[in-house]
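As structure tokens, the structure follows; a few thoughts come after it.
The values are calculated or read from the model by the stated rules, or taken from the named source; none is laboratory data. In this text the structure is predicted, and so the values were computed from the model without any measurement. Glycine gets a Cβ as well: all are built from the backbone with ideal geometry, and neighbour counts include every protein chain shown.
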4 protein chains.
Amino acid sequence: MRDLEELKARVREFVAERDWDRFHSPKNLAMALSVEASELVELFQWLTEEESAKLDDVQRGRVSEELADVLWFLVRLSDRLDIDLLQAAARKLAANAQKYPADQVRGQAKKYSDY
Amino acid sequence: MRDLEELKARVREFVAERDWDRFHSPKNLAMALSVEASELVELFQWLTEEESAKLDDVQRGRVSEELADVLWFLVRLSDRLDIDLLQAAARKLAANAQKYPADQVRGQAKKYSDY
Amino acid sequence: MRDLEELKARVREFVAERDWDRFHSPKNLAMALSVEASELVELFQWLTEEESAKLDDVQRGRVSEELADVLWFLVRLSDRLDIDLLQAAARKLAANAQKYPADQVRGQAKKYSDY
Amino acid sequence: MRDLEELKARVREFVAERDWDRFHSPKNLAMALSVEASELVELFQWLTEEESAKLDDVQRGRVSEELADVLWFLVRLSDRLDIDLLQAAARKLAANAQKYPADQVRGQAKKYSDY
């Protein structure tokens, strides 16, 4: 897999072959994305923060799968709405750099709790 | 923004400048990712599926921001765990092609409701 | 089951018998609650709104189980933090009555999209 | 507020006065419930587990509000589907007592990670 563009094209093809476009309203895709995000959370919910940083291979494999599922729906939804993910990310980074000036928020969680 | 690699590097730099690594256990990042996914869902929750496919510019802008936030934490978490997102996506696509053979699941939502 | 108080006591006993208190920090319980909420969402994600209002017995049984799981963690977390759920609900109803005056928001989704 | 029955009746009245039934398909209510659950998670995401057990009054007030919001939609959705929450909870407790025998799962998180 070369890049997000290739992934977008392959997901689109995968969906078309199964005639699943009919289920893929942006509303439904947003729901599905959040469900996948929660499956990721489920893997961490009873681990301590320390344990979450020292996953064994089985756990890492499962996390990897859930990350892939989230990316799948993220790419699918952005394709459906014709939104360029990398461009959106660049804009957000610039906005956040202004919202959270490095010298003011340094090491403070509270200041970015709403982030 | 060229690609996911550049985004990963820029997010890493953004976090380092603010000394936010201390908050970024995989457990916390998974939580934050799911919170951003829900902020995306919130934009769609009272819309019909039809309305969700015809967003105005303001709505599209907000969706775009939330997609960027999800991608931000997705990239951050995968960096923290040293997981290659595109490789994980490629593996998942291959697994799903086997799990949901196009000729058997065509147009059936139920068959992939657990997906 | 008579009321929330009885449920709270029985959940507490259930947890104590299994020595699961150690995992039940408020942080972890909030995560678990959101995961259960997403398992509920998963049951509806590919249904139309109309279909979601006409569940068959199997679907209704599964929804019922997920609602019970959400309630379980809601009761558990409120017990852990010594918060009275019904009192909190009464306060919120009063606050919302002020925030969303019936004669002004009547039939308007947008006005309560942030609710 | 006496009990869940009274809350159910008052939520129903609140919704009717605002003509919001039209937005309350089970699908939409499940989405809204999960969004509220994530607003709860957001309050905890950058706290350590220890900090999450020692909330100050402001934090406790916000948690209390989010718990109320989750309960609001839980009661609303169960009313919409005519599901008795306490009965569902009693059934689930009985099922879990069988699924997780106290003497076998004592103190083990993994065994109930899928719970």
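So is B:E50 within 19 Å of C:S38 (Cβ to Cβ) and more than 7 Å from every other protein chain (Cβ to nearest Cβ) or not?
For B:E50, the condition - within 19 Å of C:S38 (Cβ to Cβ) and more than 7 Å from every other protein chain (Cβ to nearest Cβ) - is not met.
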Item to check | Close pairs (6 angstrom Cβ cut-off, 6 or more residues apart or separate chains): more than 7 Å from every other protein chain (Cβ to nearest Cβ) and within 15 Å of B:A88 (Cβ to Cβ) in the range A:1-25, assigned to a helix (DSSP H, G or I) and modelled with pLDDT of 95 or more anywhere | outcome: A:V11/A:V75; A:V11/A:R76
Checklist entry - Of the numbered conditions (1) under 18 Å from C:V11 (Cβ atoms); (2) buried (at least 17 other Cβ atoms within 10 Å of the Cβ), D:G107 satisfies every one except a single condition; which is it? => result (2)
Next on the checklist: Go through (1) more than 7 Å from chain B (Cβ to nearest Cβ); (2) in contact (Cβ under 8 Å) with a residue 24 or more places away in the chain for A:L71 and report which single condition fails.
Outcome noted: (1)
Checklist outcome for this item: Restricted to the range C:77-109 and to residues being touching a Lys or Arg at 6+ places or on another chain (Cβ under 8 Å) and part of a helix (DSSP H, G or I), the residue farthest from the other protein chains (Cβ to nearest Cβ) is C:D79
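If you check B:V41, B:V58, B:V63, B:V35, which single one turns out to be under 21 Å from A:A37 (Cβ atoms) and either surrounded by fewer than 22 Cβ atoms within 10 Å (Cβ to Cβ) or touching a residue at least 12 places away in the same chain (Cβ under 8 Å) (or both)?
None of the other options fit; the residue is B:V63.
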Checklist entry - Just wondering, is there one or more residues in the range D:33-46 that are more than 30 Å from B:L47 (Cβ to Cβ) and more than 7 Å from every other protein chain (Cβ to nearest Cβ)? => result no
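Conditions tested, residue by residue: (1) modelled with pLDDT under 95; (2) under 22 Å from C:V75 (Cβ atoms).
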| site | (1), (2) |
| --- | --- |
| D:E5 | no, yes |
| D:E17 | no, no |
| D:D82 | no, yes |
| D:D114 | yes, yes |
Item to check | Of residues in the range A:1-32 being surrounded by fewer than 21 Cβ atoms within 10 Å (Cβ to Cβ) and aliphatic (A, V, I, L, M), the one nearest to the chain's Cα centre (by Cα) | outcome: A:V11
